[in-house]
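As structure tokens, the structure follows; a few thoughts come after it.
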Amino acid sequence: MGWLKDLKRRHDVGRHPFPEQAWREAISRLPILAGLDDAQQRRLGERAWRLLHRLRLTLPPGLDWGWRERLGIAAQVSLMTLEWREDDAVSAFTNVHEIVIVPDAFRRRVEEMDETGVVHEFDDERVGETSYQGPVVLSLTDIEHSGNWAGFNVIIHEFSHKLDMGNSMDVDGFPPLPRDMSAKEWHRIYTAVWDDLQAHLERGEPTPIDGYAATHPGECFAVTCEYFFSAPDELAAAYPELYALLGRYFRQDPLARL
Ligand SMILES: [Zn+2]
């Protein structure tokens, strides 16, 4: 009766006082949060706690998560918008109603039509999944591999897709931008990165960042967001202009925290 427990937990969030001890443990287990100062950690905790009030978190049967694990997920989501104004941070993810945790990477039958009209079917292994208005699906194994400075973070990846879908149903690598940022500049910088990734592939050379970024403009945005928060040194070295662009978009400088 996993859902029953989950409903009860959601109910508890409403009257449970903020679990200080669990929050300190959550932070200590997530190296990407370690460089935040006390005020930032406090704001992150408050926002993560409020996110848990608003979102439904569905766990696989048999997995009994306490506040530490729940806050750990919510904190990595809230990290992305930590330096945005409170109302902007809330509205960024109003299109997320539920996070579904699945035990491991999941396979899905995918059909794709090529230019000649032939439909190809294949098994697509995914570690996370997001759709417009749908839940964010995350694999437990990959959650466990997220949160350190390794250039991989399934939570940030999937929630980047949700940011991307803030202005259209398409995952197109073009999220709503703050008023002080130019869409033209965004497009120019991301196109240059995209072209560089494709050029590396054509030459048969390894790509400067995970080649998954070269599969789709939406994946390019999601993968570069992962790098921004979890391998800012690698992103800044490979694509300094893009690192600076994301720095203005997120209003953060993760390199300083590394
Ligand atoms: Zn993706």
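Some points to look at:
- Label-zone membership for the range 208-233, site L258, 7 angstrom Cα→C-beta point, backbone N under 19 Å: 208-213, 221-233
- In Hz, Karplus ³J(HN,Hα) per residue of the range 55-68 (6.51, -1.76, 1.60; θ = phi - 60°; x = Gly, Pro): 9, 8, 10, 9, 9, x, x, x, 8, 10, 8, x, 5, 4
- Annotation note: trypsin sites (Lys or Arg not before Pro) in the range 141-217 located in DSSP loop regions with a Cβ neighbour count of at most 16 within 10 Å are R179, R203.
- Less than 5 angstrom separates the built amide H of L177 from none of the residues sequence-distant by 5 or more or on a different chain.
- Full extension of the chain segment joining M181 with D37 gains 49.2 nm, where the gain is 0.36 nm per residue of separation less the Cα-Cα distance.
- 3J(HN,Hα) couplings calculated from phi for the range 95-101 with the Karplus curve 6.51 cos²θ - 1.76 cosθ + 1.60 (θ = phi - 60°) are, in sequence order, 7, 10, 10, 8, 10, 10, 9 Hz; Gly and Pro show x.
- Built amide H within the under 5 Å cut-off of V100, gap 5+: T58, V136, V137, L138
None of the figures in this text is laboratory data; all of them are computed from the coordinates on show. Nothing here was measured: the structure is a model prediction, and the numbers come from that model. Every residue, glycine among them, receives a Cβ derived from its backbone with ideal geometry; neighbour counts consider all protein chains shown.
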